[in-house]
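Scroll down for the structure; my scribbles are underneath it.
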C-alpha cells in the first residue's frame, strides 16, 4: 500500500490516530497456528455453543441476540473471551508499538494490541486502555509517554459489566 507523503510526515510527527477494525486481528495466531474467527465463523461458533447449531447461517448480530436470550450476556461474553484470549499478536501488532501515535482506536474485543505493547520493552509509548465511561481520560493522559487506546466495542477483560457489553447485537 502506498502511503501519501504528507501522511507519512504526520505519522513521523505522532499526529495520527490509528484506527483498527476486525481485519487487524486476522494476522494473529494461536498455538495451533490458527487465525481468530471472522464474524461469520464467530456466529457459527455461538450458534453451536448456545443454540444447538440453529441459526448458524444468520448474521452475527442476530445469532448473538438469540444466544444471549438463551443463556446470558455474561455467558456469551465469557465464551468469546475464552475463544480470543489464546491468540498472540502478530509482527504487525508489534510494529504498531514502535511508532508514536496521537491515539489508537479499535473495534476489536481482543487484547492483541495490549499484548504487543506489554511484550515490547522498546515500545515508544505506554498504552492506556479506555473501555467504558468510568475510565478516566485525564488520569490516563498524565504521563507524557502515554497513548490512549479506545476500545469502541468493548474488551475481553470486561465480561461482567452489563453497562459496557461487547457490541454484538443491534440493540447494543
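I'd like to verify a number: residues in region 6-39 that are assigned to a helix (DSSP H, G or I) and touching a helix residue (DSSP H, G or I) at 6+ places or on another chain (Cβ under 9 Å), how many?
4
Quick one: would you say residue 132 is modelled with pLDDT under 95 and under 19 Å from the mean Cα position of the chain (by Cα)?
Considered against the rule, which asks whether it is modelled with pLDDT under 95 and under 19 Å from the mean Cα position of the chain (by Cα), residue 132 comes out as yes.
Kindly indicate which of 122, 154, 74 is at positive phi and out of contact with any strand residue (DSSP E or B) (no Cβ under 9 Å at 6 or more places or on another chain).
After applying the criteria, what remains is 154.
Please pick out the residue among 64, 48 that is farther than 30 Å from residue 120 by Cα and more than 21 Å from the chain's Cα centre (by Cα).
None of the other options fit; the residue is 48.
For region 150-172, how many residues are within 22 Å of residue 78 (Cβ to Cβ) and assigned to a strand (DSSP E or B)?
Qualifying residue count, region 150-172: 1.
Would you check if there is a residue in region 72-89 being in a loop (DSSP other than H, G, I, E, B), closer than 26 Å to residue 57 by Cβ and more than 13 Å from the chain's Cα centre (by Cα)?
The answer is yes; a qualifying residue exists.
Results for (1) loosely packed, with under 13 Cβ neighbours inside 10 Å; (2) within 19 Å of residue 85 (Cα to Cα), shown as yes or no for each residue.
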{"site": "114", "(1), (2)": "no, yes"}
{"site": "118", "(1), (2)": "no, yes"}
{"site": "122", "(1), (2)": "yes, no"}
{"site": "125", "(1), (2)": "no, no"}
{"site": "133", "(1), (2)": "yes, no"}
{"site": "139", "(1), (2)": "yes, no"}
{"site": "143", "(1), (2)": "yes, no"}
{"site": "156", "(1), (2)": "no, yes"}
{"site": "168", "(1), (2)": "no, yes"}
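Of the residues 119, 145, which single one is under 19 Å from residue 18 (Cβ atoms), in contact (Cβ under 8 Å) with a residue 24 or more places away in the chain, assigned by TED's automatic domain parsing to the domain that holds residue 17 and out of contact with any helix residue (DSSP H, G or I) (no Cβ under 6 Å at 6 or more places or on another chain)?
119
Please specify each residue of region 95-128 satisfying the condition of being farther than 17 Å from residue 14 by Cα and part of a helix (DSSP H, G or I).
112, 113, 114, 115, 116, 118, 119
The values are calculated or read from the model by the stated rules, or taken from the named source; none is laboratory data. Keep in mind that what you see is a predicted model, and the values were worked out from it rather than measured. For neighbour counting, all protein chains shown are included, and Cβ atoms are generated from backbone atoms with ideal geometry for every residue, glycine included.
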